[in-house]
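Student: Starting off with a structure, shown below.
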Amino acid sequence: MNTGRVTRSWWGWGTVEDAATAAEAGALVERVAALLPGHDLTDHPPPDPGRLPIPAPRVRPPAALAGLCSAGVVDRAGHAHGKAFRDVVRNLHGRLDHVPDLVARPRTERDVIDLLDWCGGDGVAVIPYGGGSSVAGGVEPRFDAPAVSLDLGRLDQVLQVDRVSRAARIQAGVYGPALEDQLRPHGLTLRHFPQSFAFSTLGGWLATRAGGHYATLYTHIDDLTESLRVVTPVGVSESRRLPASGAGPSPDRLFLGSEGILGVITEAWMRLQDRPRWQITASVAFDDHTAAVTATRHIAQAGLYPSNCRLLDTAEAFLNAGTAVTGGLLVLAFESADHPIDAWLDRALEIARDHGGEPLSTRRRDESAGDAAASWRSSFLRMPYQRDVLARRGMVVETFETACTWDAFESFHAAVTHAARQAVQEVCGGGLVTCRFTHVYPDGPAPYYGVYAPGRWGDTVAQWDDIKAAVSEAITANGGTITHHHAVGRDHRRWYDRQRPDVFATALAAAKAALDPAGILNPGVLVPPRLRP
């Protein structure tokens, strides 16, 4: 799929132009070969999607909607999966078992309404599609009925800016960079930067309750949402713009995180911020991981609200920040549009020192970036591309994430790490499990784990599924959430069903039945499918 000057990869992460270069891939493979001298690192390039046995569409749109719909093989292949490891590997094998029959690209909200009317009347499933960066099976038509992928990418404008209230009315299909480009002339920013920022949309963030740039305070897109406009099969819901309200259950809370099963988010009023003028970053090394965790907790509970407060364990620090530590590496950052933030950083560093931390470096925005924090950030942005390099060579490289309370973390982390290492050993014969905190709260952290292991080409999806099941069981059994910010999708459904209260499940299913009587919207996500022809 071509998006202006760059081409989205149909099979892997990001764009063709930004994929790992031959030199980058070669260096990465060389490091892996040194660590795993017996592993077969043969490259398996992706197939030509035009040559895959993709069946013809089973449905035909009405003439009035035909101009919005594409039946192109490459287009449909690119909308068949998200961007998780198991998606990428299945693409590499040409395993597109469930492909949308059509890709529809509405130009207006009226088009969305008309498409839902047609699909509802004919019993055609509709999968709302933002940037397709789901890593939980959220955009995959994993069922046998006809399906339309509803790509909102043409609804990509900032429609109105309220500079006084510092908010903007924004269409849901806008990608992160285009959103920031439209806000920049107003001196404003949404300041929501998930790892998928360049390849995900506002609507996708809202529908999945995405986590973003801030490691504290404004961690989720929920915190930045003022009101929503949603097209459902039975009508349009638009909440009132308010800074806060105690008037009953929030309508926005019904749709935030609903993952496209209740309606299609077309617009939102979002809370903005002035662009930061002061930014400062520091990295702190610890000799003891328990002390590093305690320091991070105290910083999270001190009311300092750093924009970054990410604790990397020793393996994560070495692999992705190039820093050797024996206990952990804490990456801190503060920013403000209003005032210098040195005092806030000084207090955070004082807390870190009180628990044995040793500051390694401090860097301001206008200073060159060559420290551990900058190395980690650069690696963070390249991780998905490097994952694809290794996936092509039979490695199992994937992540899982969660959240728990501080009082439970030590035992929780031990149980989850043990389950992960045991599963990796049994399934792959060994490997590496890493951990970092992506977000921290006064009452708990959000641990994010990485798995790096040698796989068997042809079996790596099944190998990862076995590991994923083991760690998900450990997370659930030890009181964590099955996801902090990756959403539920289809991959997390069975554990989500156990996490949510049964009474709430009944209420959610009733809301689904009321708003989507034909059951066409994203069947199988959050609640059991009930698509009726």
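The values are calculated or read from the model by the stated rules, or taken from the named source; none is laboratory data. Owing to the predicted nature of the structure, the values given are computational and were not obtained by experimental measurement. Ideal geometry is used to build each Cβ from the backbone, glycine not excepted, and the neighbour counts take in all protein chains shown. With ligands, DNA and RNA removed, areas are computed over all heavy atoms of the protein, side chains included. Shrake-Rupley method; radii C 1.70, N 1.55, O 1.52, S 1.80 Å.
Student: Looking at region 319-350 only, could you name the residues that are within 13 Å of Phe286 (Cα to Cα) and at pLDDT below 95? Walk me through how you get there before you give the answer.
Tutor: To start, the set of residues in region 319-350 that are within 13 Å of Phe286 (Cα to Cα) comprises 323-331, 349.
Answer for region 319-350, where residues must be within 13 Å of Phe286 (Cα to Cα) and at pLDDT below 95: Thr323, Ala324.
Student: Next up: Looking at this structure, is Arg382 modelled with pLDDT under 95, open to solvent by less than 70 Å² (accessible area, probe 1.4 Å) and either touching an Asp or Glu at 6+ places or on another chain (Cβ under 6 Å) or more than 30 Å from Glu17 (Cβ to Cβ) (or both)?
Tutor: No, not satisfied.
Student: Hey, can you tell me all the residues within region 385-395 that are open to solvent by less than 40 Å² (accessible area, probe 1.4 Å) and closer than 20 Å to Gln195 by Cα?
Tutor: First, the residues of region 385-395 that are open to solvent by less than 40 Å² (accessible area, probe 1.4 Å): 385, 387-391, 393-395.
Tyr385, Arg387, Asp388, Val389, Leu390, Ala391 - these are the residues of region 385-395 that are open to solvent by less than 40 Å² (accessible area, probe 1.4 Å) and closer than 20 Å to Gln195 by Cα.
Student: Follow-up question, since we're still on this one. Across region 276-330, which residue is nearest to Ala352 (Cα to Cα) among those that are β-branched (Val, Ile, Thr), open to solvent by less than 10 Å² (accessible area, probe 1.4 Å) and not in a helix (DSSP H, G or I)?
Tutor: Taking region 276-330 first, the residues β-branched (Val, Ile, Thr) are 280-281, 284, 290, 293-294, 296, 299, 314, 323, 325-326.
From what is left, the residues that are open to solvent by less than 10 Å² (accessible area, probe 1.4 Å) are 280, 284, 296, 299.
Next, from what is left, pick out any that are not in a helix (DSSP H, G or I): 280, 284.
Details: Ile280: 16, Val284: 8 Å.
Step by step, filter region 276-330, then rank; the result is Val284.
Student: Condition first: more than 30 Å from Ala198 (Cα to Cα) and loosely packed, with under 14 Cβ neighbours inside 10 Å. Now tell me which residues in region 10-41 satisfy that.
Tutor: Our first condition is that a residue be more than 30 Å from Ala198 (Cα to Cα); within region 10-41, this holds for 33-40.
Of everything in region 10-41, those that are more than 30 Å from Ala198 (Cα to Cα) and loosely packed, with under 14 Cβ neighbours inside 10 Å turn out to be Ala33, Ala34, Leu35, Pro37, Gly38, Asp40.
Student: Okay, moving on. If I filter region 197-214 for residues that are out of contact with any helix residue (DSSP H, G or I) (no Cβ under 7 Å at 6 or more places or on another chain), at pLDDT below 95 and not charged (D, E, K, R), do I get at least one hit? Spell out the reasoning first.
Tutor: Let us first name the residues in region 197-214 that are out of contact with any helix residue (DSSP H, G or I) (no Cβ under 7 Å at 6 or more places or on another chain), namely 199, 201, 203-204, 207-208, 211, 213-214.
If we keep only those that are at pLDDT below 95 too, we end up with 213-214.
Retained after the next criterion (residues that are not charged (D, E, K, R)): 213-214.
Yes, the conditions are met somewhere in region 197-214.
Student: Hey, another quick one. Within region 165-191, work out how many residues are surrounded by fewer than 18 Cβ atoms within 10 Å (Cβ to Cβ) and part of a loop (DSSP other than H, G, I, E, B).
Tutor: 3
Student: Give region 263-275 a look and list any residue that's open to solvent by 20 Å² or more (accessible area, probe 1.4 Å) and either under 19 Å from Arg105 (Cα atoms) or at pLDDT below 95 (or both), or say none. Even if it seems obvious, please write down each step before you answer.
Tutor: Within region 263-275, the first condition is being open to solvent by 20 Å² or more (accessible area, probe 1.4 Å), and the residues that meet it are 267, 269, 271, 273-275.
The one that is open to solvent by 20 Å² or more (accessible area, probe 1.4 Å) and either under 19 Å from Arg105 (Cα atoms) or at pLDDT below 95 (or both): Glu267.
Student: Something else about it: Look through region 489-529, keep the residues that are among the polar types (S, T, N, Q) and touching a residue at least 12 places away in the same chain (Cβ under 8 Å), and return whichever of them is surrounded by the most Cβ atoms within 10 Å (Cβ to Cβ). It would help to see each step written out before you state the result.
Tutor: The initial filter retains those residues of region 489-529 that are among the polar types (S, T, N, Q), namely 499, 506, 522.
Add one more test, that the residue is touching a residue at least 12 places away in the same chain (Cβ under 8 Å), and what stays is 499, 522.
On the way: Gln499: 15, Asn522: 31.
Ranking the qualifying residues of region 489-529, first place goes to Asn522.
Student: Pick from Tyr449, Tyr441: which is open to solvent by less than 40 Å² (accessible area, probe 1.4 Å) and under 24 Å from the mean Cα position of the chain (by Cα)? Full working, then the answer.
Tutor: Values: Tyr441 fails: open to solvent by less than 40 Å² (accessible area, probe 1.4 Å).
Just a single option satisfies the conditions, and that option is Tyr449.
Student: A follow-up question, please. Residues in region 416-430 that are in contact with a Pro (Cβ under 9 Å, 6 or more places away or on another chain) and either closer than 10 Å to Val471 by Cα or crowded, with 22+ Cβ neighbours inside 10 Å (or both): how many? Talk me through it step by step, then tell me what you get.
Tutor: Here is the first cut: in region 416-430, the ones in contact with a Pro (Cβ under 9 Å, 6 or more places away or on another chain) are 416, 428-430.
Going one step further and asking which of them are either closer than 10 Å to Val471 by Cα or crowded, with 22+ Cβ neighbours inside 10 Å (or both), we end up with 416, 428.
Summing the residues that are in contact with a Pro (Cβ under 9 Å, 6 or more places away or on another chain) and either closer than 10 Å to Val471 by Cα or crowded, with 22+ Cβ neighbours inside 10 Å (or both) in region 416-430 gives 2.
Student: A follow-up question, please. Which of the residues that make up region 467-488 are open to solvent by 50 Å² or more (accessible area, probe 1.4 Å) and out of contact with any Cys (no Cβ under 7 Å at 6 or more places or on another chain)? If you could, list the steps in order and put the result at the bottom.
Tutor: To start, the set of residues in region 467-488 that are open to solvent by 50 Å² or more (accessible area, probe 1.4 Å) comprises 473, 477-479.
Those that are open to solvent by 50 Å² or more (accessible area, probe 1.4 Å) and out of contact with any Cys (no Cβ under 7 Å at 6 or more places or on another chain): Glu473, Ala477, Asn478.
Student: Just to be sure I understand the filter: pairs with C-beta atoms under 8 Å, separated by 6 or more residues or on different chains, first member in region 173-197 and under 19 Å from Ser134 (Cβ atoms), second member in a strand (DSSP E or B) and polar (S, T, N, Q). Which pairs pass?
Tutor: Taking only residues 6 or more apart or on different chains, the pairs are Gly173/Thr201; Val174/Thr201; Tyr175/Thr201; Gly176/Thr201.
Student: What do you reckon, is Glu226 open to solvent by 10 Å² or more (accessible area, probe 1.4 Å) and modelled with pLDDT of 95 or more? Can you show your working first?
Tutor: On the way: open to solvent by 10 Å² or more (accessible area, probe 1.4 Å): yes; modelled with pLDDT of 95 or more: yes.
Considered against the rule, which asks whether it is open to solvent by 10 Å² or more (accessible area, probe 1.4 Å) and modelled with pLDDT of 95 or more, Glu226 comes out as yes.
Student: Output yes when any residue across region 391-408 is under 24 Å from the mean Cα position of the chain (by Cα), assigned to a helix (DSSP H, G or I) and at pLDDT 95 or above, and no when none is.
Tutor: The answer is yes; a qualifying residue exists.
Student: Can you say whether Trp464 is without any contact (Cβ under 8 Å) to a residue 24 or more places away in the chain, open to solvent by less than 40 Å² (accessible area, probe 1.4 Å), part of a helix (DSSP H, G or I) and aromatic (Phe, Trp, Tyr), as far as the supplied structure shows?
Tutor: Numbers: without any contact (Cβ under 8 Å) to a residue 24 or more places away in the chain: no; open to solvent by less than 40 Å² (accessible area, probe 1.4 Å): yes; part of a helix (DSSP H, G or I): yes; aromatic (Phe, Trp, Tyr): yes.
No, not satisfied.
Student: On the given criteria, is Ser250 more than 26 Å from Arg154 (Cβ to Cβ), open to solvent by 20 Å² or more (accessible area, probe 1.4 Å) and polar (S, T, N, Q)?
Tutor: Working: more than 26 Å from Arg154 (Cβ to Cβ): yes; open to solvent by 20 Å² or more (accessible area, probe 1.4 Å): yes; polar (S, T, N, Q): yes.
The answer is yes for Ser250.
Student: I'd like the full set of residues that are of a type in the set (S, T, N, Q) and in contact (Cβ under 8 Å) with a residue 24 or more places away in the chain, limited to region 250-302. Outline the logic, then answer.
Tutor: Residues of region 250-302 that are of a type in the set (S, T, N, Q), as a first pass: 250, 258, 266, 273, 279, 281, 283, 290, 294, 296, 301.
The answer is Ser258, Thr266, Gln273, Gln279, Thr281, Ser283, Thr290, Thr294, Thr296, Gln301.
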